[in-house]
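Accompanying notes for the structure given below.
Please treat every number below as a calculation from the coordinates, not as lab data. These figures come from a predicted structure and were not determined experimentally. Because the Cβ atoms are built from the backbone with ideal geometry, glycine has one as well, and the counts that use them run over all protein chains shown.
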Amino acid sequence: MCSNNEISKETLQESIDRLLQYAHGHHQRKFVETVELQIVLKNYDTNREKRFSANIQLRHPTRSRYKVCVYGDEQHCDEARLHNIPYMSTDDLRRMNKDKKKKRKLEHRYHAFLASDNIIRQIPRLLGPGMGRIGKFPTVVSHTESLCDKIEQMKAMVRVRLKKQPLINVPVGHVNMTQAQLTSNISMTISCVVASVPKHWQHVQKVFIKTTMGPSHRLY
């Protein structure tokens, strides 16, 4: 993990304090705002340099509400039922296969999906290519893993993607998290991004944090 020495701990914590004070003060919203990290790169030609995409496993869940559905075999369906986790069996998926409207509703009802390792290869045949196109193809889960633990991991997973513009925008938490939790998630995300570009901090021009509806707070 790359060092965050370019941004002092005091600067980060003070910025998070201001961000949370604004969010919980007179500007409190009727929904839980996301905390976003924005990193602007410099001297980085996205047409020549590698455009990276990475999943980062953070220490704390970044989403206040995160719905996951399990496409399970008999054992995983029983486990999901026991823990009140939404699930569908292969028979349920077969019945839905011919109803495009129901498939679209299912795809948009949940943020993510899990599938038992012994049925994951059947998903394209049962549901078609739609889930892959919208970036929600199921994550595989084995019987040696707990469904509850797997879902908690997914809640703390973020994807960092660099596209055509030299700008990275990634959700790192929400305003109901503590300062310590946000500090941890933000530091880890910055470290992973900086480590992913060839010249590390020499490619970083600006770093901000902000809430969904709030002002930006510059860290670097």
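Structural remarks
- Using the Karplus relation 6.51 cos²θ - 1.76 cosθ + 1.60 with θ = phi - 60°, the per-residue 3J(HN,Hα) values for the range 21-31 come to 4, 5, 5, 9, x, 5, 9, 5, 9, 8, 9 Hz, with x marking Gly and Pro.
- Under-5 Å amide H pairs with G173, H placed in peptide plane, nonlocal only: V35
- Pairs from K100/K136; K67/K100; K30/K102 whose Cα-Cα separation, in the structure shown, is over 26 Å: K30/K102
- The overall shape of the range 1-90, judged from the alpha-carbon gyration tensor, is oblate: a/c is not under 1.5, and a/b is no greater than b/c.
- Nearby aspartates and glutamates by direct alpha-carbon distance to K199 (threshold 16 angstrom, same-chain neighbours under 8 apart not counted): E6, D45, E49
- Largest mean-square fluctuation among R95, R109, R59, in a Gaussian network model of the chain whose springs join Cα atoms under 10 Å apart, belongs to R95.
- Here the calculated FRET efficiency for T11 and T46, from their Cβ-Cβ distance with R0 = 35 Å, stands at 0.80, rounded to the nearest 0.05.
- A Gaussian network model of the chain, with springs between Cα atoms under 10 Å, assigns the largest mean-square fluctuation among I39, I134, I123 to I134.
- Between the range 164-220 and the range 98-124, the alpha-carbon center distance in angstrom: 32 Å
- Length gained on full extension, H143 to D73: 24.2 nm, using 0.36 nm per residue less the C-alpha separation.
- Listed residues M188, M154, M131, most fluctuating in the chain (Gaussian network, C-alpha, under 10 Å): M131
- Fewest-first sequence of V194, V32, V160 by Cβ atoms within 10 Å of each Cβ: V32, V160, V194
- The range 68-154: relative contact order as a whole-number percent, Cα under 8 Å and 6+ apart: 32 percent
- The range 40-123: C-alpha gyration tensor shape, a/c 1.5 cut-off, then a/b vs b/c: prolate
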